[in-house]
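Taking it in order: structure first as structure tokens, then the write-up.
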Amino acid sequence: MDRPQNILIIGFVWPEPNSSGAGTRMLQLIEVFQQQGWKVTFASAAADSEFMFDVTSIGVEKVSIVLNDSSFDAFVKALDPSIVLFDRFMVEEQFGWRVAENCPDALRILDTIDLHSLRLSRQKASKAGLDLSRDALFSDTAKREIASILRSDLSLLISETEMDLLKSQFKIDPQLLYYLPFLVDPIDAITQSDWPTFQDRKDFIFIGNFLHEPNWDAVQFLKSHIWPSIRKQLPEASMRIYGAYPSQKVLQLHNAKDNFLIMGRAENAADVVKKARVVIAPMRFGAGSKTKLLEAMQCGTPSVTTSIGAESMSGILPWNGVITDEIPQMVTAIIQLFADEKLWKQAQQNGIAIVNTRYSKVLFVQNFIHRILSVQTNLKTHRESNFFGAILQHHTMASTKYMSKWIEEKNK
């Protein structure tokens, strides 16, 4: 491109890397863009929060925008971005048509974070005690999310399972999809030397944002179905539950007598994960990749989780601990990992291999930038080959535009 890239990121919320995987992911993307010398502006209609990351501290311009307001049109036209990244499909629904109308030549990228429709369908099936059916996948949320993917020039997926689902079940053109996992530094010998030893660690840990329903479900399941059996066999060990935004119902699970401890927000997640001997993550539904399990590997802490928890994370490599969906096997695996140093060290080595071969940013960044530039160079042809997306853009633009204008008039 002749001119420097000017990136506009429109966030569903302001990034909170210490609260959620989505916040961590967003800062990773910003770092990738800035390393290319590209200018980044981050805009959001969300209110400021106590724990949000100050994006201005890393040279990003921060702009507050308003929903259903034509002031955004003037803002985006003046900014004239070459790339607009939508943080989740709901943001693309709100602002995508305005970007298309005011900056038609801007590359529109959707960062899905995880497939919301898949997570919600699994949640509904889990609560009903049913297997996920094909019919359940084709929900109203799925229709909205798939429409958003089709309207975008490129959608970023954090999970290979979700890539396969979009291609096989929803027949999405692979040219519209791009697999980009969490992007982290490789684990080297210096990093490993900083880890506490097996003997220096104690207790079990679960960590996760409590605004995220799969985490709340996992903690309830852990307390009622798993911890009692572990407690009988390891009466001295504690189960420490960390997470941002714990509600009163979460805090009520605290029981010092049973060594089931609700610790609340961790000031530094890596510090508390490093001190634990085993991470327990009995996720019964969810989507995407689990930051808590990647973070466990980065801290040299083995984990025991479900097939949903580990989904798409390790590829063909052995897990950083044990994957099982059966309660008795899970309890046995947790106790064995906690007690057997040899087994524990092997699990730790497995985690190092997963991070270094599947998440090391040096493996992904160059190809990602190349893909962006390639689509930009051939944007007209790229969009012509996505005719269903053009149809959706045409009709959505009309319906969303006039609904938004009606709301704007109503608000006056």
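Annotations
- Checked against (1) within 30 Å of Leu27 (Cβ to Cβ); (2) over 28 Å from the mean Cα position of the chain (by Cα); (3) among the aromatic types (Phe, Trp, Tyr), Phe368 meets all criteria but (2).
- Of all residues assigned to region 105-114, none qualifies as being outside any helix (DSSP H, G or I), open to solvent by 30 Å² or more (accessible area, probe 1.4 Å), of a type in the set (Lys, Arg) and at pLDDT 95 or above.
- Lone unmet requirement of (1) more than 30 Å from Glu408 (Cβ to Cβ); (2) out of contact with any Lys or Arg (no Cβ under 7 Å at 6 or more places or on another chain); (3) open to solvent by 50 Å² or more (accessible area, probe 1.4 Å) for Pro4: (2)
- Qualifying residues in region 63-85 (those that are open to solvent by less than 10 Å² (accessible area, probe 1.4 Å), within 15 Å of Ala106 (Cα to Cα) and not hydroxyl-bearing (Ser, Thr, Tyr)) - the one farthest from the chain's Cα centre (by Cα): Val76
- Flag if Leu373 is surrounded by fewer than 15 Cβ atoms within 10 Å (Cβ to Cβ) and in contact (Cβ under 8 Å) with a residue 60 or more places away in the chain: yes
- Some residue of region 120-131 being in contact (Cβ under 8 Å) with a residue 24 or more places away in the chain and within 19 Å of Asp173 (Cβ to Cβ): no
- Number of residues in region 341-382 that are out of contact with any Gly (no Cβ under 9 Å at 6 or more places or on another chain), of a type in the set (Lys, Arg) and farther than 24 Å from Pro4 by Cβ: the value is 2.
- Residues of region 137-155 that are surrounded by 20 or more Cβ atoms within 10 Å (Cβ to Cβ), not in a helix (DSSP H, G or I) and not hydroxyl-bearing (Ser, Thr, Tyr): Asp153, Leu154.
- For region 121-134, the set of residues classified as closer than 18 Å to Phe221 by Cα and in a helix (DSSP H, G or I) consists of Arg122, Gln123, Lys124, Ala125, Ser126, Lys127, listed by residue number.
- Selection of first residues in region 289-318 that are closer than 24 Å to Asp131 by Cα and assigned to a strand (DSSP E or B) and of second residues that are small (Gly, Ala, Ser) and modelled with pLDDT of 95 or more, restricted to Cβ pairs under 6 Å at least 6 apart or on distinct chains, gives the following pairs, ordered by first then second residue: Val304/Gly321; Val304/Ala333; Thr305/Ala281.
- Matching residues, region 17-46, being over 23 Å from Asp80 (Cα atoms) and either at pLDDT 95 or above or part of a helix (DSSP H, G or I) (or both): Gly21, Ala22, Gly23, Thr24, Arg25, Gln28
- Residues of region 182-216 that are of a type in the set (Asp, Glu), within 15 Å of Ala270 (Cβ to Cβ) and in contact (Cβ under 8 Å) with a residue 60 or more places away in the chain: Asp185 alone.
- Test for Arg277: is it open to solvent by 10 Å² or more (accessible area, probe 1.4 Å), closer than 21 Å to Asp114 by Cβ and of a type outside the set (Asp, Glu): no
- Sub-7 Å Cβ pairs linking a first residue in region 232-250 that is farther than 20 Å from Glu213 by Cα to a second residue that is β-branched (Val, Ile, Thr), at least 6 apart or interchain, are Gln233/Ile335; Leu234/Ile335, ordered by first then second residue.
- For region 192-217, the set of residues classified as more than 28 Å from Lys342 (Cβ to Cβ), open to solvent by less than 50 Å² (accessible area, probe 1.4 Å) and either assigned to a helix (DSSP H, G or I) or of a type in the set (D, E, K, R) (or both) consists of Pro214, Asn215, Trp216, Asp217, listed by residue number.
- For region 308-331, filtered to residues that are touching a Pro at 6+ places or on another chain (Cβ under 8 Å) and open to solvent by less than 20 Å² (accessible area, probe 1.4 Å), the residue that is nearest to Lys342 (Cα to Cα) is Asn320.
The values are calculated or read from the model by the stated rules, or taken from the named source; none is laboratory data. Keep in mind it's a predicted model, so treat the numbers as computed, not measured. Note that we place each Cβ from the backbone using ideal geometry, even for glycine, and neighbour counts take in every protein chain shown. In case anyone asks, the SASA skips ligands and DNA or RNA and just uses the protein heavy atoms, side chains included. Shrake-Rupley method; radii C 1.70, N 1.55, O 1.52, S 1.80 Å.
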